[in-house]
Amino acid sequence: MDNILKDVSMAHRIVVKVGTSTLTYDNGKMNLKLIDRLSMVLSDLHNQGKEIILVSSGAIGIALGKLGLSEKPHDTKGKQAAAAVGQCELMYLYDKMFSEYNNIVAQVLLTRDDIAIPRRKRNIQNTVTTLLEMGIIPIVNENDTVSYDEIEIGDNDTLSAVVADLVDADLLVLFSDIDGLYDDDPHKNKNAKFLPVVYNIESVENVAGGAGTKRGTGGMVTKLEAAKKATSVGIHMIIANGNNVDSLYDILDGKPVGTLFVSKNFEMEE
């Protein structure tokens, strides 16, 4: 385990994903304190020389609070309209808060075609790589305003794993509303056992539940899919509690945080 944690601590290019449930309160309003702290921690790591890519959900969730809606629209055009409002608000906030820490951010919106079509995929890779070389922190989200497939499938857990693969990241960190993976739903079973490390995704797929909060779209199923994708291409992945974004410091200090999914490449080396 110590060797794995040491390997994780040496990560240079890191993709961090935050979900709607982390960025907003139950009433849909933005959690400004947490977003500010996230901006500070990522800026600090960037100042240390780490390359940071942030994959951020939250556009539709934030729009609910701004528009005074209690739940997401059920029709696609309603979701797209909400995404248009929320994406503007979300990026305005990120730009403002990262600027306070003297860092520049850039928005990158993706659709399925951007990943599936080779020419578009290369363009995305070139753009993100150039942004990193320029010392800019890319903030990636699904382009829910114009996309149909993604807004229905809609999870940025999978997207974050795709992005990590695209940019050849060393580490993917998914911030969630729980501490990591359990062998049962800890919200329903107080005796659920915490799993600090997973070597084989197939062995834990049966413990995944359904979707997450009514403000978000993900759940443990999508996080395990992301883990399967990331580890299969040699990227370690960690699920950690988004209420403590400072845990990124512990991760990069080689301390155990959340649930670590070990990359297949590391297992082969061992």
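Taken as a whole, segment 28-50 holds at least one residue that is surrounded by fewer than 17 Cβ atoms within 10 Å (Cβ to Cβ) and in contact with a His (Cβ under 9 Å, 6 or more places away or on another chain).
Every residue, every condition in (1) among the basic types (Lys, Arg); (2) part of a helix (DSSP H, G or I); (3) more than 19 Å from Met40 (Cα to Cα), yes or no:
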position	(1), (2), (3)
Asn102	no, no, no
Ala106	no, no, no
Leu109	no, no, yes
Asp114	no, yes, yes
Gly135	no, no, no
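When you look at Glu89, is it among the charged types (D, E, K, R) and at pLDDT below 95, yes or no? Criteria met by Glu89.
Matching residues to (1) of a type in the set (Ser, Thr, Tyr); (2) modelled with pLDDT of 80 or more; (3) assigned to a loop (DSSP other than H, G, I, E, B):
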{"position": "Val140", "(1), (2), (3)": "no, yes, no"}
{"position": "Thr145", "(1), (2), (3)": "yes, no, yes"}
{"position": "Glu152", "(1), (2), (3)": "no, no, no"}
{"position": "Asp165", "(1), (2), (3)": "no, yes, no"}
{"position": "Ile178", "(1), (2), (3)": "no, yes, yes"}
{"position": "Ala192", "(1), (2), (3)": "no, yes, yes"}
{"position": "Glu202", "(1), (2), (3)": "no, yes, no"}
{"position": "Asn206", "(1), (2), (3)": "no, no, no"}
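Within segment 232-254, which residues are over 15 Å from the mean Cα position of the chain (by Cα) and either in a helix (DSSP H, G or I) or farther than 17 Å from Val8 by Cβ (or both)? The answer is Ser232, Tyr249, Asp250, Ile251, Leu252. Within segment 33-57, residues that are in contact (Cβ under 8 Å) with a residue 24 or more places away in the chain reach partners that are small (Gly, Ala, Ser) with beta carbons closer than 6 Å, at six or more positions or on different chains, in the pairs Val55/Ser160; Ser57/Gly19.
Just so you know, in segment 65-95 the residues that are part of a helix (DSSP H, G or I) and farther than 22 Å from Asn27 by Cβ include one that is farthest from the chain's Cα centre (by Cα), and it is Lys77.
Of the residues making up segment 102-116, not one is surrounded by fewer than 16 Cβ atoms within 10 Å (Cβ to Cβ), farther than 19 Å from Ser39 by Cα and touching a residue at least 24 places away in the same chain (Cβ under 8 Å).
The values are calculated or read from the model by the stated rules, or taken from the named source; none is laboratory data. On a predicted model such as this, the values are computed, not experimentally measured, just so you know. All Cβ positions, glycine included, derive from the backbone under ideal geometry; neighbour counts span all protein chains shown.
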